[in-house]
1. Using alpha carbons only, how many degrees (0 to 90, rounded to 10) separate the axis of helix 12-28 from the longest principal axis of the chain?
2. Compute the relative contact order of region 48-103 as a whole-number percentage, counting only Cα pairs closer than 8 Å that sit 6 or more residues apart in sequence.
3. If r is the Cβ-Cβ distance from residue 16 to residue 66 and R0 is 22 Å, what FRET efficiency results, to the nearest 0.05?
4. Of the candidates 92, 47, 72, which one comes out as most mobile in a Gaussian network treatment of the chain with C-alpha springs shorter than 10 Å?
5. Rounded to a whole number, what is D in µm²/s for the chain from Stokes-Einstein with the Kirkwood radius over alpha-carbon pairs (37 °C, 0.692 mPa s)?
6. Quote the relative contact order of region 9-92 in percent (integer), defining contacts as alpha-carbon pairs under 8 Å separated by 6+ residues.
7. Of the candidates 32, 73, 14, which one comes out as most mobile in a Gaussian network treatment of the chain with C-alpha springs shorter than 10 Å?
8. I need the Debye-formula profile for region 14-55: one equal scatterer per C-alpha, no solvent, reported as log10 I(q)/I(0) at q = 0.14, 0.15, 0.17, 0.24 1/Å, two decimals.
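Values in this text are rule-based calculations from the coordinates and carry no lab data. These figures come from a predicted structure and were not determined experimentally. Cβ placement follows ideal geometry from the backbone for every residue including glycine, while neighbour counts extend to all protein chains displayed.
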C-alpha cells in the first residue's frame, strides 16, 4: 500500500445528513433501499482511509488551510478533509451552498 492511512470520522453534521438520507429513503422507497444507500455511502467514505490522495480535490476549496477531497456513492458526494467526513451532499444540491456545510 502506498501513502499514509487515515482514520475516517464522520462529523456531527455528516452523521445528521446520513440519517436524513436514510430516513428519506425509508419513506420514499423501503428500509432495504435505505440500508443499501447508507452502507454504500459508508463504504465509499471508508475508502478515503486507504488512499485519500487518490480522490479529487473539491473544487472552489483552494482557500482552505487543509485539503478537501471527495468521493462518490451513486449521486452523493462524500466530502472530507482527509480525516473527517464533513458532509454528504446530493449532486442536485446547489454547489454555491457548499461552504455552509464545511463550517
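1. So the inclination is approximately 30 degrees.
2. 23 percent
3. On the way: r = 22 Å, r/R0 = 0.98.
E(calc), rounded to 0.05, equals 0.55.
4. 92
5. Value of D from the Cα-based Kirkwood radius: 235 µm²/s.
6. 31 percent
7. 32
8. -0.36, -0.41, -0.49, -0.75
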